[in-house]
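Step one of this worksheet: look at the structure below.
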Amino acid sequence: MALALFDLDNTILSDDSDHLWGDFLVELGAVDGERYKRENDRFYQKYKEGRLDIFEFLRFSLKPLSEHDPETLYAWRERFLAERIDPIILPAGRDLIRKHRDAGDTLIIITATNSFITAPIAERLRVEHLIATEPEMVDGRYTGRVAGTPSYKEGKVERLNQWLAEHGRSLDGSCFYSDSHNDIALLEKVERPVAVDPDEELDSYARERGWPIISLRHAA
């Protein structure tokens, strides 16, 4: 069984779940609205530009998890998933995952977005394995800190290498689907890199190397 790896935000989803969660918290009144919205947008722009300080962002984005009890957070998350995530799961993304499942491939979502947000999305997509940034929990509560290496840029490669070692697997026959130039390090590692509705930088990079470029937003 080969590995089929999928980025999540703006690949299988038509938007960014991390950024949407921040906006959702603003609308709930769970954070300082104007300031939080401004910072959330600033970090997202830096991400798109490839200039994001992931640890600075995580201090910002994980802090609300530490300020509320898990039961409240989980209730908010269920509403968020129903209202904001279910409508942006791309049908062609589901079909692509299904194609690899039917082929007997091992499915992995690998994302920089934290697992509080992405674990239930992976469940919705029936993808067994998730490699995501992990928020730290102590005594059943989130601390607002990150546990281990964030799954971002070269960190995705590091986290995947850890997963491969733990599961006794290799990248033979592997493929990875992503929209973002932030994932070039991992795209370079797999046998079959595929750019999906790529940003301008990844589009140019993929064309120079003859990588396939596909669209899940405008699928036939």
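Of all residues in segment 44-55, count the ones that are in contact (Cβ under 8 Å) with a residue 12 or more places away in the chain and either assigned to a helix (DSSP H, G or I) or charged (D, E, K, R) (or both).
Step one: of segment 44-55, the residues in contact (Cβ under 8 Å) with a residue 12 or more places away in the chain are 44, 47-48, 50, 52, 54-55.
Subset that is either assigned to a helix (DSSP H, G or I) or charged (D, E, K, R) (or both): 44, 47-48, 54-55.
The number of residues fulfilling the criteria is 5.
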Item to complete: Output the residues belonging to segment 1-17 that are crowded, with 16+ Cβ neighbours inside 10 Å and either over 15 Å from Ile88 (Cβ atoms) or of a type outside the set (Ser, Thr, Tyr) (or both).
Response: Ala2, Leu3, Ala4, Leu5, Phe6, Asp7, Leu8, Asp9, Asn10, Ile12, Leu13, Asp16
Response to the item:
So, first residue of a type in the set (A, V, I, L, M) in segment 157-178, second residue part of a loop (DSSP other than H, G, I, E, B) and buried (at least 17 other Cβ atoms within 10 Å of the Cβ), Cβ within less than 6 Å, six or more apart or across chains; the pairs are Leu171/Val190
Response to the item:
Within segment 102-130, residues in contact (Cβ under 8 Å) with a residue 60 or more places away in the chain, crowded, with 17+ Cβ neighbours inside 10 Å and not in a helix (DSSP H, G or I) come out as Asp105, Thr106, Leu107, Ile108, Ile109, Ile110, Thr111, Ala112, Thr113, Asn114, Leu125, Val127
Discussion item. Considering only residues that are closer than 17 Å to Tyr177 by Cα and surrounded by fewer than 14 Cβ atoms within 10 Å (Cβ to Cβ), which ones fall in segment 52-101?
Written reply: Pro91, Asp95, Arg98, Lys99
Response to the item:
Asp41 fails exactly one of (1) farther than 18 Å from Thr149 by Cα; (2) out of contact with any helix residue (DSSP H, G or I) (no Cβ under 9 Å at 6 or more places or on another chain); (3) in a helix (DSSP H, G or I), namely (2)
Worksheet item: On the given criteria, is Arg59 under 20 Å from Thr111 (Cα atoms), over 17 Å from the mean Cα position of the chain (by Cα) and not in a loop (DSSP other than H, G, I, E, B)?
Response: yes
Practice prompt. Run down Leu130, Leu62, Leu90 and say which single residue is modelled with pLDDT of 95 or more and within 22 Å of Met1 (Cβ to Cβ).
Written response: Leu130
Worksheet item: Which of (1) farther than 28 Å from Arg59 by Cβ; (2) under 11 Å from the mean Cα position of the chain (by Cα); (3) of a type in the set (A, V, I, L, M, F, W, C) is the odd one out, the single condition Leu164 does not satisfy?
Response: (2)
Fill in: Failed item, numbered, when Ile85 is tested on (1) within 28 Å of Asn161 (Cβ to Cβ); (2) in contact with a Ser or Thr (Cβ under 8 Å, 6 or more places away or on another chain)
(1)
Item to complete: For segment 18-45, name all the residues that are surrounded by 15 or more Cβ atoms within 10 Å (Cβ to Cβ) and under 18 Å from the mean Cα position of the chain (by Cα).
Response: Asp18, His19, Leu20, Trp21, Gly22, Asp23, Phe24, Asn40, Phe43, Tyr44
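The values are calculated or read from the model by the stated rules, or taken from the named source; none is laboratory data. Computed from a predicted structure; not experimentally measured. Cβ coordinates were reconstructed from backbone atoms using ideal geometry, including for glycine residues, and neighbour counts include every protein chain displayed.
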